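The values are calculated or read from the model by the stated rules, or taken from the named source; none is laboratory data. From a predicted model like this one, the values you see are computed outputs, not experimental measurements. No Cβ is skipped: glycine too gets one built from the backbone with ideal geometry, and neighbour counts run over all protein chains shown.
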Ligand SMILES: Cc1cc2nc3c(=O)[nH]c(=O)nc-3n(C[C@H](O)[C@H](O)[C@H](O)COP(=O)(O)OP(=O)(O)OC[C@H]3O[C@@H](n4cnc5c(N)ncnc54)[C@H](O)[C@@H]3O)c2cc1C
């Protein structure tokens, strides 16, 4: 069996670097913390906990980065899934500003990790939002002004149709917002890099070790088919792949499947004509299109989603029409890879981070904006033990950093099930 054969047949798996084969759990272990799930959330929690001196076991049902983290678009947006004008309406300026700062700290955490652990994940700087609807015209200028004035973020520039077209060769964008400090990356290689860093920091990682149950006891007992872990704390980091492991948490998110394709490599000049620079792009559609150019000049394009268990049989031909709608000039280009993944959304499209039981934490529901927020949620959970007084009885709140620590400032009990 080849090293990557258990991963989906994605462009990311085909270009993965530094994958390690971690053992399966086949006996009984003890730890301070048992993290369940080996994506951005779980790995970030595990690494940060180990760096704080805790003894951590991480159990992954399949392989590291097997879930959304190893399959996603790789666009690391600034802010939250909701634009600041929306979060201001929802929570007022002060809390909206905290949410923004939380996401800025998340981006910084990613940049720092890439540097510190020397992770080769093709980190690109910059992101363009393309506006597709006449009724949204003017929103880019307004957002850029608000971010500069109220969020100390002068890095977004509003572009008119011509300027937008000069960066991305599609006629479907009526204007654009270019954020020079957003990021884009090869997400599987980032995930594998964080796993290596976690292992080096002492985290005991087990792959092919699906958790079947855990107990709300102290210590908790976490069981897999062939082994078990006794741990003082449990972190649930399974997001869209949680299944029935914890119905109380699963009931607060809706899993969604999203799909991607990778074209054959384009001539360098053709790639440059298509996207003038190395940055991520997404648009304002409800079912968002997102794309970037890989370092070997393939267009990595995401578009289309479904809301049921199971993927379309022919993902390539499910996604390709979305790409051709934006780029009819790619009609002759072959698609080399296609794959899908499952993420999860919450009602208010904000992360769902919390404590289910005194020693059980969870983080999920990043609503398509998970690279930064999941990474940071893991870090917040690693810090939360400092806050012995934070006991959450509800859900749908955002844990935000304040003065180097974190503070739960949003807790909206009105949020109900989807
Ligand atoms: C196609 C696609 C495109 C996306 N594009 C973007 C994007 O461009 N930008 C962005 O910010 N976000 C994007 N997202 C969302 C982002 O990928 C997710 O929010 C993020 O990866 C969530 O990370 P996670 O660690 O919480 O979950 P996951 O990465 O899904 O990890 C959960 C892990 O838990 C494991 N697991 C589940 N149950 C068990 C169990 N019982 N025992 C042990 N392990 C278990 C799974 O195997 C899985 O590996 C996209 C998602 C998809 C699917």
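Can you spot a residue in segment 298-306 that is more than 10 Å from the ligand (Cβ to nearest atom), under 27 Å from residue 180 (Cα atoms) and within 18 Å of the chain's Cα centre (by Cα)?
The answer is yes, given that some residue of segment 298-306 is more than 10 Å from the ligand (Cβ to nearest atom), under 27 Å from residue 180 (Cα atoms) and within 18 Å of the chain's Cα centre (by Cα).
So how many residues does segment 57-67 have that are within 6 Å of the ligand (Cβ to nearest atom) and touching a helix residue (DSSP H, G or I) at 6+ places or on another chain (Cβ under 6 Å)?
So the count comes out to 1.
Looking only at residues in segment 177-197 that are in contact with a strand residue (DSSP E or B) (Cβ under 8 Å, 6 or more places away or on another chain) and within 12 Å of the ligand (Cβ to nearest atom), which one is farthest from residue 79 (Cα to Cα)?
Quick first cut of segment 177-197, residues in contact with a strand residue (DSSP E or B) (Cβ under 8 Å, 6 or more places away or on another chain) only: 177-185, 195.
From the residues that got through so far, the ones that are within 12 Å of the ligand (Cβ to nearest atom) too are 182-185, 195.
Details: 182: 9, 183: 12, 184: 14, 185: 17, 195: 25 Å.
Going through the qualifying residues, I end up with 195.
Would segment 221-237 turn up any residue that is at pLDDT 95 or above, on the phi > 0 side of the Ramachandran plot, within 21 Å of the chain's Cα centre (by Cα) and near the ligand (Cβ under 9 Å from one of its atoms)?
The answer is no, given that none of the residues of segment 221-237 is at pLDDT 95 or above, on the phi > 0 side of the Ramachandran plot, within 21 Å of the chain's Cα centre (by Cα) and near the ligand (Cβ under 9 Å from one of its atoms).
Any chance segment 262-269 includes a residue that's out of contact with any helix residue (DSSP H, G or I) (no Cβ under 7 Å at 6 or more places or on another chain), in a loop (DSSP other than H, G, I, E, B) and near the ligand (Cβ under 10 Å from one of its atoms)?
No, that holds for no residue.
Of all residues being in contact with a helix residue (DSSP H, G or I) (Cβ under 8 Å, 6 or more places away or on another chain) and without any contact (Cβ under 8 Å) to a residue 60 or more places away in the chain in segment 140-154, which is farthest from residue 102 (Cα to Cα)? Just the residue, please.
Of everything passing the filter in segment 140-154, 142 is farthest from residue 102 (Cα to Cα).
Given the conditions (1) in contact with a helix residue (DSSP H, G or I) (Cβ under 6 Å, 6 or more places away or on another chain); (2) more than 21 Å from residue 106 (Cβ to Cβ), report the number of the one that residue 344 does not fulfil.
With (1) in contact with a helix residue (DSSP H, G or I) (Cβ under 6 Å, 6 or more places away or on another chain); (2) more than 21 Å from residue 106 (Cβ to Cβ) applied to residue 344, the lone miss is (2).
Does residue 25 count as within 12 Å of the ligand (Cβ to nearest atom), surrounded by 17 or more Cβ atoms within 10 Å (Cβ to Cβ) and in a loop (DSSP other than H, G, I, E, B)? Can you show your working first?
Working: within 12 Å of the ligand (Cβ to nearest atom): yes; surrounded by 17 or more Cβ atoms within 10 Å (Cβ to Cβ): yes; in a loop (DSSP other than H, G, I, E, B): yes.
It is true that residue 25 is within 12 Å of the ligand (Cβ to nearest atom), surrounded by 17 or more Cβ atoms within 10 Å (Cβ to Cβ) and in a loop (DSSP other than H, G, I, E, B).
Any idea which residue in segment 194-203 is farthest from the chain's Cα centre (by Cα), counting only those that are surrounded by fewer than 24 Cβ atoms within 10 Å (Cβ to Cβ) and in a helix (DSSP H, G or I)? Outline the logic, then answer.
Restricting attention to segment 194-203, the residues satisfying the condition of being surrounded by fewer than 24 Cβ atoms within 10 Å (Cβ to Cβ) are 196-197, 199-202.
Filter again for in a helix (DSSP H, G or I), leaving 196-197, 199-200.
Numbers: 196: 18, 197: 18, 199: 21, 200: 23 Å.
This residue is 200.
Can you tell me how many residues in segment 336-365 are within 24 Å of residue 306 (Cβ to Cβ) and either more than 15 Å from the ligand (Cβ to nearest atom) or surrounded by fewer than 19 Cβ atoms within 10 Å (Cβ to Cβ) (or both)?
5
Residue 74 - would you say it is buried (at least 16 other Cβ atoms within 10 Å of the Cβ), touching a residue at least 40 places away in the same chain (Cβ under 8 Å), near the ligand (Cβ under 7 Å from one of its atoms) and over 22 Å from residue 214 (Cβ atoms)?
Considered against the rule, which asks whether it is buried (at least 16 other Cβ atoms within 10 Å of the Cβ), touching a residue at least 40 places away in the same chain (Cβ under 8 Å), near the ligand (Cβ under 7 Å from one of its atoms) and over 22 Å from residue 214 (Cβ atoms), residue 74 comes out as yes.
I'm checking my understanding of the structure. Among residues of segment 238-249 that are surrounded by fewer than 19 Cβ atoms within 10 Å (Cβ to Cβ) and within 10 Å of the ligand (Cβ to nearest atom), which one is nearest to residue 334 (Cα to Cα)?
Looking at residues that are surrounded by fewer than 19 Cβ atoms within 10 Å (Cβ to Cβ) and within 10 Å of the ligand (Cβ to nearest atom), I get 243.
Given the criterion in contact with a strand residue (DSSP E or B) (Cβ under 8 Å, 6 or more places away or on another chain), surrounded by fewer than 19 Cβ atoms within 10 Å (Cβ to Cβ) and at pLDDT 95 or above, identify the matching residue among 276, 289, 317, 306.
276 is the lone residue from the list that is in contact with a strand residue (DSSP E or B) (Cβ under 8 Å, 6 or more places away or on another chain), surrounded by fewer than 19 Cβ atoms within 10 Å (Cβ to Cβ) and at pLDDT 95 or above.
Among the residues of segment 79-104 satisfying the criterion of being within 15 Å of the chain's Cα centre (by Cα) and buried (at least 20 other Cβ atoms within 10 Å of the Cβ), which is farthest from residue 184 (Cα to Cα)?
Looking only at segment 79-104, we keep the residues that are within 15 Å of the chain's Cα centre (by Cα), and these are 79-82, 102-104.
Within this subset, residues satisfying the condition of being buried (at least 20 other Cβ atoms within 10 Å of the Cβ) are 79-81, 102-103.
On the way: 79: 14, 80: 15, 81: 16, 102: 18, 103: 15 Å.
Top of the filtered list is 102.
Tell me which residues, restricted to segment 32-45, are away from the ligand (no atom under 11 Å from the Cβ) and buried (at least 22 other Cβ atoms within 10 Å of the Cβ).
33, the sole residue that qualifies.
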